Amino acid sequence: MPLTFTLDPSIDPALRDGVLALWADVSNAGGAVGFVPPVTPDEIRPELVRHLAGIAEGRTRLLVGRDEQRTVAATAFLSFSQHRLMRHHLWLYTVMVHPAHQGKGYGRALMSAAQDAARGFAGIEALRLTCRGGTGADAFYAACGYKEVGRVPGAIRVAPGDDRDDVFMMLPLG
């Protein structure tokens, strides 16, 4: 069954806990979403609080995908650039699909829903994101139409002796 996407859902404890559980499950399955396994929800919580503060301040939007049980199965955060010369670009980050749902096309559906959401924002001409090199994420995003526009070699230290590139990608919405 397809996911049901909601932009700007009401942030209540159930949604907050659902996003936190998703983030922990994705991280512990090896997903490149800001943490390295093993990680606990308590370790992730401060980062989620920062994301939620961005929502409260109006600079970030949340896109949530729920499965047939109404469980949070996918998320993407869309952040407006705070730089006055870059406000025509929207940042996409913390893009996640629950490991149990991978391989079902939900990642592509999430990316498509993010594009649709971005097209609804006045003045937004492109989506930008970064991803951790060496994970295959860049190939996934390229398959979704994103082009690599930059790379910082070794910018992400996953572990001692395991540095990964920070890959910058962009999708024009025109």
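The values are calculated or read from the model by the stated rules, or taken from the named source; none is laboratory data. Computed from a predicted model, the values in this text were never measured in an experiment. Glycine gets a Cβ as well: all are built from the backbone with ideal geometry, and neighbour counts include every protein chain shown. We work out accessible area using only protein heavy atoms, side chains counted, and drop any ligands, DNA or RNA first. Shrake-Rupley method; radii C 1.70, N 1.55, O 1.52, S 1.80 Å.
For the stretch 124-141, how many residues meet the condition of being free of Cβ contacts under 8 Å to residues at least 40 places away in the same chain and either surrounded by 13 or more Cβ atoms within 10 Å (Cβ to Cβ) or among the aromatic types (F, W, Y) (or both)? Give the steps one after another, and end with the answer.
First, the residues of the stretch 124-141 that are free of Cβ contacts under 8 Å to residues at least 40 places away in the same chain: 130, 133-134, 136, 138-141.
Pick out the ones that are also either surrounded by 13 or more Cβ atoms within 10 Å (Cβ to Cβ) or among the aromatic types (F, W, Y) (or both) and you get 130, 133-134, 138, 140-141.
Residues that pass the stated criteria total 6.
Please count how many residues of the stretch 71-87 are in contact (Cβ under 8 Å) with a residue 12 or more places away in the chain and either over 20 Å from A21 (Cα atoms) or over 14 Å from the mean Cα position of the chain (by Cα) (or both).
Qualifying residue count for the region: 5.
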(1) aliphatic (A, V, I, L, M); (2) open to solvent by 60 Å² or more (accessible area, probe 1.4 Å); (3) in a helix (DSSP H, G or I): which one isn't true of L48, the others all being true?
-> (2)
Condition set touching a helix residue (DSSP H, G or I) at 6+ places or on another chain (Cβ under 7 Å) and open to solvent by 60 Å² or more (accessible area, probe 1.4 Å), scope the stretch 17-36, selection nearest to D138 (Cα to Cα): answer is G34
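Could you please let me know if R61 is open to solvent by 60 Å² or more (accessible area, probe 1.4 Å) and in a strand (DSSP E or B)?
Yes; evaluated as a whole, the condition is true for this residue.
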When G105 is evaluated against the numbered criteria (1) touching a helix residue (DSSP H, G or I) at 6+ places or on another chain (Cβ under 6 Å); (2) open to solvent by 30 Å² or more (accessible area, probe 1.4 Å), which criterion, by number, is the only one it fails?
-> (1)
Go through the stretch 122-139 and count every residue that is closer than 15 Å to M170 by Cβ and either under 15 Å from the mean Cα position of the chain (by Cα) or in a loop (DSSP other than H, G, I, E, B) (or both).
-> 9
